[in-house]
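Below: one structure, written as structure tokens.
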Amino acid sequence: MKIFYSDNHRKHYPPFEVFDGGKRVPYLENPNRMDQILNALKKTDWADLNQPTDFGLDPILAVHDKDYIAFLASAWTQWLSSDPEVAASPEQNAFLPATFALRRTPRVPSTLLGKAGYYIMDLSACIVEATYAAALTSAYCALSAAEFILLSTVNRPSSAFALCRPPGHHAGNDYAGGYCFINNAAVAANWLSSKGKVALLDIDYHAGNGTQDIFYERNDVLTISIHGDPDFEYPHYIGFADETGSGDGIGFHRNFPLPKGTGNEGYLSTLDEALNLIKNFAPNYLVISAGMDTFDGDPLGTFKVTREGIGEIGKRIAALHLPTAIIMEGGYANEALGTNIVTLLENFK
Ligand SMILES: [Zn+2]
């Protein structure tokens, strides 16, 4: 199986993030996640690791606001030059605002911190020197996987895995959040949409708010997210069942919010509903936002999906027999992450 991965993410390792209650904690979305997955993949006889292709900025700007991308590209160096204390010990710092735009006015402030509060939605999207380069390369991994599945034939649909870090599904057109800066799966799905109809299924534990926002008014990309109910879970303000698209996109977005403690049975019956929607839409291409934080024991999740459950999720998605680009999203039970990803991917090899 073709896998696209780059080491470029490694220096995107903020020294902390801020949890609820203002608690400073070590950055949970860390490079060790990738090492766990790489180690597990290297033990298989089917993982074919490849460097991503550089696609330039056009496919990124087809999904993201150009001023937002310019902000991401320059925030760290601007911050460094604005504060001698930060410049003296950059490795102990991460760029974050303390003020957020209240229900988003259309006016983008001119100051760096004003912009940060406008373009960042929470205290997990910490920016350090290597963040922008890592986010770009991560999107290129997703695009490379998308490009590879174009080689599919009717009788032999191909699949590819983009081992992306940072993840992407919380990033919207003009905002970062939830460890995400560029929406890798959305960039890939949008790129594929010029070649045919695309369905994007998000199986991360958290609602794919960025993906929902990006495609909300479109009917050429069906987006579906299965996740912890935002009534109790991050991202709190979006991902409810009655959000089904607007304008031309009405009926082309679906959310499946599930209760705390959802196990294999509850998850798989919901997945079947989602897969039926995809069958009826009859897409040419499938993009999966593959978060592994539905796993029982994930520190950021409440579901009880087991390894067997993850295997069954993969089996049922693969049974659609569609060209499929699988894009890495969340998953923070690091010691189980590698085996879980291998268990999911084995169905597509
Ligand atoms: Zn997640």
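The values are calculated or read from the model by the stated rules, or taken from the named source; none is laboratory data. Worth saying up front: this structure is predicted, and the values here are computed from it rather than measured. Neighbour counts are summed over all protein chains in view; Cβ atoms, including those assigned to glycine, are modelled from backbone coordinates with ideal geometry. These accessible areas exclude ligands, DNA and RNA; they are computed on the full protein's heavy atoms, side chains included. Shrake-Rupley method; radii C 1.70, N 1.55, O 1.52, S 1.80 Å.
A few points about this structure:
- Yes/no for T211 being part of a strand (DSSP E or B) and touching a helix residue (DSSP H, G or I) at 6+ places or on another chain (Cβ under 6 Å): no
- Meets criteria (open to solvent by 40 Å² or more (accessible area, probe 1.4 Å), among the aliphatic types (A, V, I, L, M), assigned to a loop (DSSP other than H, G, I, E, B) and under 16 Å from Y175 (Cα atoms)) for V108: yes
- Pairing each residue of the range 1-18 that is acidic (D, E) with any residue that is modelled with pLDDT of 95 or more, provided the two are 6+ apart or on different chains, yields C-beta distances under 6 Å for E17/Y27; E17/S124; E17/C126.
- Flag for G245 being at pLDDT 95 or above, crowded, with 19+ Cβ neighbours inside 10 Å and at positive phi: yes
- If you go through the range 47-89 and keep only what is under 17 Å from G172 (Cβ atoms) and open to solvent by 30 Å² or more (accessible area, probe 1.4 Å), you end up with L61, A62, D65, K66, D67, A70.
- Within the range 282-292, at least one residue is open to solvent by less than 10 Å² (accessible area, probe 1.4 Å), away from the ligand (no atom under 16 Å from the Cβ) and either touching a His at 6+ places or on another chain (Cβ under 9 Å) or not β-branched (V, I, T) (or both).
- Residue list for the range 312-349, restricted to those being in a helix (DSSP H, G or I) and within 16 Å of the ligand (Cβ to nearest atom): I313, N334, A336, L337, N340, I341, L344
- Residue identified as under 18 Å from the mean Cα position of the chain (by Cα) and among the aliphatic types (A, V, I, L, M) among L49, L72, L57, L41: L72
- Any hit, the range 307-320, residues being within 30 Å of I120 (Cβ to Cβ) and either of a type outside the set (F, W, Y) or open to solvent by less than 40 Å² (accessible area, probe 1.4 Å) (or both): no
- Residue within the range 237-249 that is away from the ligand (no atom under 12 Å from the Cβ), part of a strand (DSSP E or B) and aromatic (F, W, Y) present: no
- In the range 187-223, the qualifying residues are those that are of a type in the set (A, V, I, L, M) and either touching a Gly at 6+ places or on another chain (Cβ under 7 Å) or within 13 Å of the ligand (Cβ to nearest atom) (or both), and the one that is nearest to G314 (Cα to Cα) is I203.
- Scanning the range 139-162 for residues that are farther than 12 Å from I326 by Cβ, surrounded by fewer than 21 Cβ atoms within 10 Å (Cβ to Cβ) and either hydroxyl-bearing (S, T, Y) or touching a strand residue (DSSP E or B) at 6+ places or on another chain (Cβ under 6 Å) (or both) yields a count of 2.
- Cβ-Cβ under 8 Å pairs, at least 6 apart or on other chains, the range 335-349 side without any contact (Cβ under 8 Å) to a residue 40 or more places away in the chain, far side in a helix (DSSP H, G or I) and of a type in the set (A, V, I, L, M): T343/I310; N347/I317; N347/A318
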